[in-house]
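Q: First the structure, then my questions, so here it is.
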Amino acid sequence: MVTLCTGNVARSVMLGFMLVTLAEANGENWTVRTAGTHVIEGSAMSGRTRDALERLDELQGHHFNAHRSHQLTDADVAWADLILASEADQVNFVRDHFPGGAERVVQLHQFVRRAPLECSLDVQLATVVAIGPSKLFDVVDPAGGDQAAYDECARQLWQLAQVFATVVAGATV
């Protein structure tokens, strides 16, 4: 799966590390890439992002400094079974620029709120895709904010990631 935000230095990075952690803890076979819609290629994650991740005890043991930002590509979209976006605008970006990925991109928050339980990932995904993105489910970008904004974003993403893991438990990603 691909986690997606704007610059690939905060939200998608946090979520990527969180999903890898949950996959390892739950015995899931998830492969996660992170990307952005408007990236300065090769940038490190922000220091505030790293600090927010380090404040979550469950994420200890990761080498956060290895991350480098990456612009979403055709290859990423073709590779992904699922693209989890932080915002409605990112879902629309994928649908506009990568039409082949239109049926695999959803907002994380909307997915965990609207995906039906106890069915395949394909059915869950199709259900949420059919609803369409909504700004009501955006995870606010902490960019430009203070450390508290990054910490709040990390806490929100960690809660959403845990619910995501529960919703897709047993489904093939």
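The values are calculated or read from the model by the stated rules, or taken from the named source; none is laboratory data. Remember, predicted model here, so these are calculated numbers, not experimental data. Positions of Cβ are backbone-derived with ideal geometry, glycine not excepted, and every protein chain shown enters the neighbour counts.
Q: If the Cβ limit is 6 Å and pairs must be 6+ apart or interchain, which residue in region 116-145 that is part of a helix (DSSP H, G or I) pairs with which residue that is among the charged types (D, E, K, R) and buried (at least 16 other Cβ atoms within 10 Å of the Cβ)?
A: Hits for this filter: V128/R114; I131/R114.
Q: Does region 8-26 contain any residue that is among the charged types (D, E, K, R) and modelled with pLDDT of 95 or more?
A: yes
Q: Here's something else I'd like to know. Can you name the residue in region 89-109 that is assigned to a helix (DSSP H, G or I) and of a type in the set (S, T, N, Q) and is also farthest from G36 (Cα to Cα) among such residues?
A: For region 89-109, the residue satisfying everything is N92.
Q: I'm told T166 meets every condition in (1) without any contact (Cβ under 8 Å) to a residue 40 or more places away in the chain; (2) within 18 Å of G7 (Cα to Cα); (3) not charged (D, E, K, R) except one. Can you identify the failing condition by its number?
A: Only one criterion in (1) without any contact (Cβ under 8 Å) to a residue 40 or more places away in the chain; (2) within 18 Å of G7 (Cα to Cα); (3) not charged (D, E, K, R) is unmet by T166, namely (2).
Q: Next question, about the same structure. Only one of these is in a loop (DSSP other than H, G, I, E, B) and either at pLDDT 95 or above or more than 13 Å from the chain's Cα centre (by Cα) (or both): A75, A169. Name it.
A: After ruling out the rest, the residue left standing is A169.
Q: Scan region 20-44 for residues that are over 23 Å from W79 (Cα atoms) and not in a helix (DSSP H, G or I) and jot them down.
A: Residue satisfying the conditions is A44 alone.
Q: Within the bounds of region 71-93, is there any residue that is hydroxyl-bearing (S, T, Y) and either loosely packed, with under 15 Cβ neighbours inside 10 Å or closer than 26 Å to G27 by Cα (or both)?
A: Yes, that holds for at least one residue.
Q: In region 130-173, how many are within 25 Å of A23 (Cα to Cα) and touching a strand residue (DSSP E or B) at 6+ places or on another chain (Cβ under 6 Å)?
A: Final tally of qualifying residues: 1.
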